[in-house]
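Beneath this line is the structure, given in structure tokens, with notes to follow.
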Amino acid sequence: MSYKDKIAQKLQARMAENALRRLTVREGLIDFFSNDYLGFARSKALHTAIQQKEETYQLSVCNGSTGSRLLSGNSALAEQVEKQLAVFFQVEKTLLFNAGYNANVGVLSAIPQKGDTILYDELIHASLKDGARLSFADRLSFKHNDLEDLQRKIKKAKGDLFIVVESIYSMDGDKAPLKEIAALAKQYGACFIVDEAHSTGTFGLQGRGLVYEENLQHEVDIRIHTFGKAMGIHGACVAGSAMLIDYLVNFSRAFIYTTAFAPHAFISVQCAFEMLEQTADVIPALNKNINHLASALRTHSCYIPSSSPIQVLNIGGNDVVKNLAATIQEKGFDVRPILSPTVKKGEERLRICVHAFNTQQEIAALVSCINSQL
Ligand SMILES: Cc1ncc(COP(=O)(O)O)c(C=O)c1O
């Protein structure tokens with residue numbers, strides 16, 4: 001069979017499962033779907049602040065960065081942004097990556113070595129799994145948020161241990177038991193890595209993340225903060241010790257072999273974090289909306305308890321959840337179904353993201369629409 005036949009067969013199998021992914025553009029619906037939790041991606045004030053700062057910098061090379069950070073792509077601006085992020089996240093150093101995907105691949109492919117073991121929660125993001133697959137270390141997954149299973153796997157593991165979790169799980173919206181995992185990491189001398197993609201900007205003092213909220217910044221060795229979600233822009237940083245960051249600069253291929261952020265992107269990071277520090281009311285507004293939606297959805301037995309902006313109804317079945325989402329969309333709400341194979345078969349779900357900018361009326365109307373369908 002030729003490669004073309006194999007590809008066609010795989011697409012047909014996806015179609016048969018009613019799980020074919022398509023790029024869609026839908027406009028005019030009320031946003032209960034995007035990761036723009038704080039409304040920064042649509043903030044005119046942030047847009048203006050970025051434009052104004054770009055003008056004040058008067059950069060001679062102002063469009064592209066022209067190369068890798070290790071060649072022509074580095075700048076005083078890049079280093080200044082990393083220093084500011086290190087102060088914000090209270091670590092020795094941070095290192096910017098072009099996206100959370102690159103940061104996760106860049107960390108996990110570079111740090112664990114042959115003979116070591118990466119222990120990861122079965123629900124971690126694809127980018128962490130891809131990074132682990134690129135490393136020469138062994139991999140063992142443990143059941144979601146299951147400390148006993150983690151401990152069982154730790155006992156089987158060889159070499160240096162790396163425990164990898166998300167602070168807020170992207171498809172369930174629930175929290176990792178960070179304190180308990182940190183204690184296990186300490187007990188077994190493991191390196192503890194936390195992806196804070198969905199807690200950056202939403203948890204902890206001024207959005208410093210869940211690790212910070214739980215006062216674990218000295219127990220967690222590596223944090224990955226992404227900027228494409230609550231921060232409303234793009235990119236990510238790895239936060240940790242100076243030695244760790246120096247190591248990544250030398251050995252992380254996802255950092256080394258790519259063109260650095262454009263100046264506009266560095267300035268966007270600066271402005272988005274300044275905005276986060278200046279808009280004290282935005283996280284409480286988000287939390288009010290999370291509580292409103294969560295307390296209404298809780299009445300459904302398929303609801304997965306969550307105190308994060310990610311609220312999930314575990315419906316089951318690609319067809320059922322697709323039809324449900326379509327009906328809700330027809331009523332004017334942008335919600336999307338999450339299908340298998342993105343989640344396990346039988347756990348296909350409606351994933352609702354609530355934002356600081358959603359009104360109480362919008363939330364109430366969405367809930368009554370869902371209630372009429374379930
Ligand atoms: C938990 C998690 N980690 C990492 C990423 C990747 O981040 P980015 O979109 O910045 O590449 C995502 C986004 O999809 C995510 O949900």
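The values are calculated or read from the model by the stated rules, or taken from the named source; none is laboratory data. From a predicted model like this one, the values you see are computed outputs, not experimental measurements. Cβ placement follows ideal geometry from the backbone for every residue including glycine, while neighbour counts extend to all protein chains displayed. Heads up: the accessible areas ignore ligands, DNA and RNA and are worked out on the full protein's heavy atoms, side chains in. Shrake-Rupley method; radii C 1.70, N 1.55, O 1.52, S 1.80 Å.
Its convex hull of Cα atoms gives the stretch 199-311 a direction-averaged projected area, equal to a quarter of the hull surface, of 9.0 nm².
Annotation for Gln113 and Thr24: the two label points, set 7 Å from Cα along the Cα-Cβ direction, are 4.9 nm apart. For the peptides 187-198, 132-143, 50-61, residues were scored by their other Cβ atoms within 10 Å and the scores averaged per peptide; the highest-first order is 187-198, 132-143, 50-61.
So what's the gap between the Cα centers of the stretch 222-252 and the stretch 51-94, to the nearest angstrom? Using only Cα atoms, the two centres lie 14 Å from each other. Ranked by the mean number of other Cβ atoms within 10 Å of their residues, highest first, the peptides 108-119, 6-17, 223-234 come out as 223-234, 108-119, 6-17. Distance from the Cα centroid of the stretch 134-208 to that of the stretch 265-315 is 22 Å (rounded to whole angstrom). Comparing Thr342, Thr258, Thr24 in a Gaussian network model of the chain, where Cα atoms under 10 Å apart are tied by springs, the biggest mean-square fluctuation is seen for Thr24. Solvent-accessible surface of the chain, averaged per residue with a 1.4 angstrom probe and all protein chains in place: 47 square angstrom.
In terms of overall dimensions, the C-alpha atoms belonging to the stretch 46-278 reach 57, 35, 28 Å along their principal axes, ordered largest to smallest.
In whole angstrom, the stretch 1-111 maps to an equivalent ellipsoid with semi-axes of 37, 24, 17, each derived as √(5λ) from the alpha carbon gyration tensor and ordered largest first. GNM remark for the chain: springs join alpha carbons under 10 Å apart, and the peak mean-square fluctuation among Cys353, Cys237, Cys302 falls on Cys302. Let me make sure I get this right: for the stretch 141-282, a, b and c are the square roots of the gyration tensor eigenvalues over alpha carbons, sorted descending. Under 1.5 in a/c it's rounded, otherwise prolate if a/b > b/c, else oblate. Which is it? Verdict is oblate for the stretch 141-282. Remark: the Thr299-Arg152 segment gains 49.4 nm on full extension, using 0.36 nm per residue and subtracting the alpha carbon distance.
Amide H to amide H, with H built 1.01 Å from N, Tyr120 comes under 5 Å of Leu140, Ser141, Phe142, Val164, counting only residues 5 or more places away or on other chains. On the chain, 53 percent of the accessible area sits on carbon and sulfur atoms, based on a 1.4 Å probe.
Shape of the stretch 288-350 from its Cα gyration tensor (a ≥ b ≥ c, root eigenvalues): rounded if a/c is under 1.5, otherwise prolate when a/b > b/c, or oblate?
oblate
The lysines within cross-link reach of Lys143, meaning a Cα-to-Cα straight distance under 23 Å and a gap of 8 or more places when in the same chain, are Lys129, Lys153, Lys155, Lys156, Lys158, Lys175, Lys179, Lys186, Lys344, Lys345.
Computed from the C-beta positions of Thr259 and Lys345 and an R0 of 45 Å, the FRET efficiency is 0.70 to the nearest 0.05.
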